[in-house]
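Participant: This is the structure I have questions about; it appears just below.
The values are calculated or read from the model by the stated rules, or taken from the named source; none is laboratory data. Computed from a predicted structure; not experimentally measured. With ideal geometry, Cβ positions are generated from the backbone for all residues, glycine too; neighbour counts draw on all protein chains shown. SASA here: full protein model, heavy atoms, side chains in, ligands and nucleic acids out. Shrake-Rupley method; radii C 1.70, N 1.55, O 1.52, S 1.80 Å.
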Amino acid sequence: CLLVFYHQFKLFRGSDRVIDVGSEWRTFSNEKALKDPSRVGDAQNTLLNGGDLTTMISKGTGAASFDEFGNSKYQNRRTMTSSDRAMLNAFKEISTMADRINLPRNIVDRTNNLFKQVYEQKSLKGRANDAIASACLYIACRQEGVPRTFKEICAVSRISKKEIGRCFKLILKALETSVDLITTGDFMSRFCSNLGLPKQVQMAATFIARKAVELDLVPGRSPISVAAAAIYMASQASAEKKTQKEIGDIAGVADVTIRQSYRLIYPRAAELFPPDFKFDTPVDKLPQL
């Protein structure tokens, strides 16, 4: 008898998996029109203390769901801590901001981790969680090599540029981390693409900006303003001309800022263009501003 049991046990261990661990794709609700019939809930969130493994009871609709006084028989207990609730709200805000500027999932994950570290350290007490989340998103973009400007983050959040900048500096100090310095090349491709400029103009603008930095023509100017000025110069020399306002709206800089950087590089414009650039407007006919 034991021998038979042993052989059966070995046969069971050697057989294929008999338990389906996949999602349960049936639904028993009345919402038949839903595209995703899965009723297994969201994935476990490891950033929350409880892993977000909670069960929520929906509000009853039938007579059996209420007692004789009209009170619901089945009620949810507050199982989520205030700390987890605050982090969950911040994660939702981060996801919303990232969606608005088409950031990938790895940026969201890094931002969430940064926010969790800052929140648990309690090093930014008194600062709004939305401001901390916005600053974390800015840092995550820099660390992942896809930097966004402060104005781009401001546009998708409810926080001022000044407050995001303050939180940015405090977070770097609190976490003892750093970010790479931004360069004109970090923004050039995106700015030119959003302006609808052809590849030749983008390559010329990239060359102009890099050459201007190498020749030390723009000391103290931000990479964003230098990139905007280079795009303006390259576009004015091509058939695809763009105004300062059009470029400023995309780059998030004022017209006067573009003019200031442009005036610094204009005197040596002849040295800044790539040798194979095809001019529609000669260098000596470029706007002098």
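Participant: Is there a residue being at pLDDT below 95, among the acidic types (D, E) and buried (at least 18 other Cβ atoms within 10 Å of the Cβ) anywhere in the range 243-252?
Facilitator: Among the residues of the range 243-252, not one is at pLDDT below 95, among the acidic types (D, E) and buried (at least 18 other Cβ atoms within 10 Å of the Cβ), which makes the answer no.
Participant: Now, a different point. Since L103 meets every condition but one in (1) assigned to a helix (DSSP H, G or I); (2) within 25 Å of I250 (Cα to Cα), which condition does it not meet?
Facilitator: (1)
Participant: From the list D109, D99, exactly one residue is without any contact (Cβ under 8 Å) to a residue 24 or more places away in the chain, open to solvent by less than 70 Å² (accessible area, probe 1.4 Å) and not polar (S, T, N, Q). Which is it? Write out each step before concluding.
Facilitator: Numbers: D99 fails: open to solvent by less than 70 Å² (accessible area, probe 1.4 Å).
Answer to the selection: D109.
Residue-by-condition table, conditions (1) of a type in the set (A, V, I, L, M); (2) closer than 28 Å to L181 by Cβ; (3) touching a residue at least 12 places away in the same chain (Cβ under 8 Å):
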| residue | (1), (2), (3) |
| --- | --- |
| P219 | no, yes, no |
| A227 | yes, yes, yes |
| A230 | yes, yes, yes |
| A239 | yes, no, yes |
| G252 | no, yes, yes |
| S261 | no, yes, yes |
| A269 | yes, yes, yes |
| L286 | yes, no, yes |
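Participant: Among V146, V179, which is the only one that is of a type in the set (V, I, T), part of a loop (DSSP other than H, G, I, E, B) and within 12 Å of the chain's Cα centre (by Cα)? Let's see the steps before the verdict.
Facilitator: Values: V179 fails: within 12 Å of the chain's Cα centre (by Cα).
Of the residues listed, the single one that is of a type in the set (V, I, T), part of a loop (DSSP other than H, G, I, E, B) and within 12 Å of the chain's Cα centre (by Cα) is V146.
Participant: To continue, here is another question. With the checklist (1) over 11 Å from the mean Cα position of the chain (by Cα); (2) farther than 15 Å from F168 by Cα in hand, flag the one item I107 doesn't pass.
Facilitator: In the conditions (1) over 11 Å from the mean Cα position of the chain (by Cα); (2) farther than 15 Å from F168 by Cα, I107 misses (1) alone.
Participant: Taking the condition of being of a type outside the set (A, V, I, L, M, F, W, C) and part of a helix (DSSP H, G or I), how many residues in the range 197-248 meet it? Show your work before the answer.
Facilitator: Looking only at the range 197-248, we keep the residues that are of a type outside the set (A, V, I, L, M, F, W, C), and these are 198-200, 202, 206, 210-211, 214, 216, 219-223, 225, 232, 235-236, 238, 240-246, 248.
Next, only the ones that are part of a helix (DSSP H, G or I) stay: 199-200, 202, 206, 210-211, 214, 223, 225, 232, 235-236, 244-246, 248.
Residues flagged as of a type outside the set (A, V, I, L, M, F, W, C) and part of a helix (DSSP H, G or I) within the range 197-248 amount to 16.
Participant: Also: Hey, among the residues in the range 153-176 that are free of Cβ contacts under 8 Å to residues at least 12 places away in the same chain and assigned to a loop (DSSP other than H, G, I, E, B), which one's farthest from T111 (Cα to Cα)?
Facilitator: Looking at the filtered set, the residue picked out is S160.
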